[in-house]
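Have a look at the structure below before the remarks.
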Amino acid sequence: MITGKQRKPDILTNQRIIECKNINWVWVKRKKTKKVIIEQFQDLKNLAQQYNESNKENIRLVISSKQPVPRHWRRWFEQEEIGLEID
């Protein structure tokens, strides 16, 4: 259940929280813009973790991107244990 000021995911299934993005990842270099994007992903990751803890589930956050994702972002997703799908 999503409550309070938590962000709402684009798609919620029994196995995944999916956040859809159609952004130019190369453009996300500005410190302020990057910070906002990272905070959004971390909030959604926390939402998945809270859900898992209270429901004894293993739901996973996945970012679905329409644009190619640079290597440094792919590494960041991997380090944060956030799934990545490129459409």
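Figure legend. Inter-residue proximity from segment 61-87: first residues touching a residue at least 24 places away in the same chain (Cβ under 8 Å), second residues in a loop (DSSP other than H, G, I, E, B) and aliphatic (A, V, I, L, M), beta-carbon distance below 7 Å, spacing 6+ or different chains. Indicated pairs: Leu61/Ile82; Ile63/Ile82; Gln67/Ile23.
Residues checked against (1) aliphatic (A, V, I, L, M); (2) farther than 15 Å from Ile11 by Cα; (3) not in a helix (DSSP H, G or I):
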{"site": "Glu39", "(1), (2), (3)": "no, yes, no"}
{"site": "Gln42", "(1), (2), (3)": "no, yes, no"}
{"site": "Glu53", "(1), (2), (3)": "no, yes, no"}
{"site": "Ile63", "(1), (2), (3)": "yes, no, yes"}
{"site": "Pro68", "(1), (2), (3)": "no, yes, yes"}
{"site": "Trp73", "(1), (2), (3)": "no, yes, no"}
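No lab work stands behind these numbers, since they all come straight from the coordinates. A quick note: this is a predicted structure, and the numbers were derived from the prediction, not measured. Positions of Cβ are generated from backbone atoms using ideal geometry, with glycine treated the same way; all protein chains shown enter the neighbour counts.
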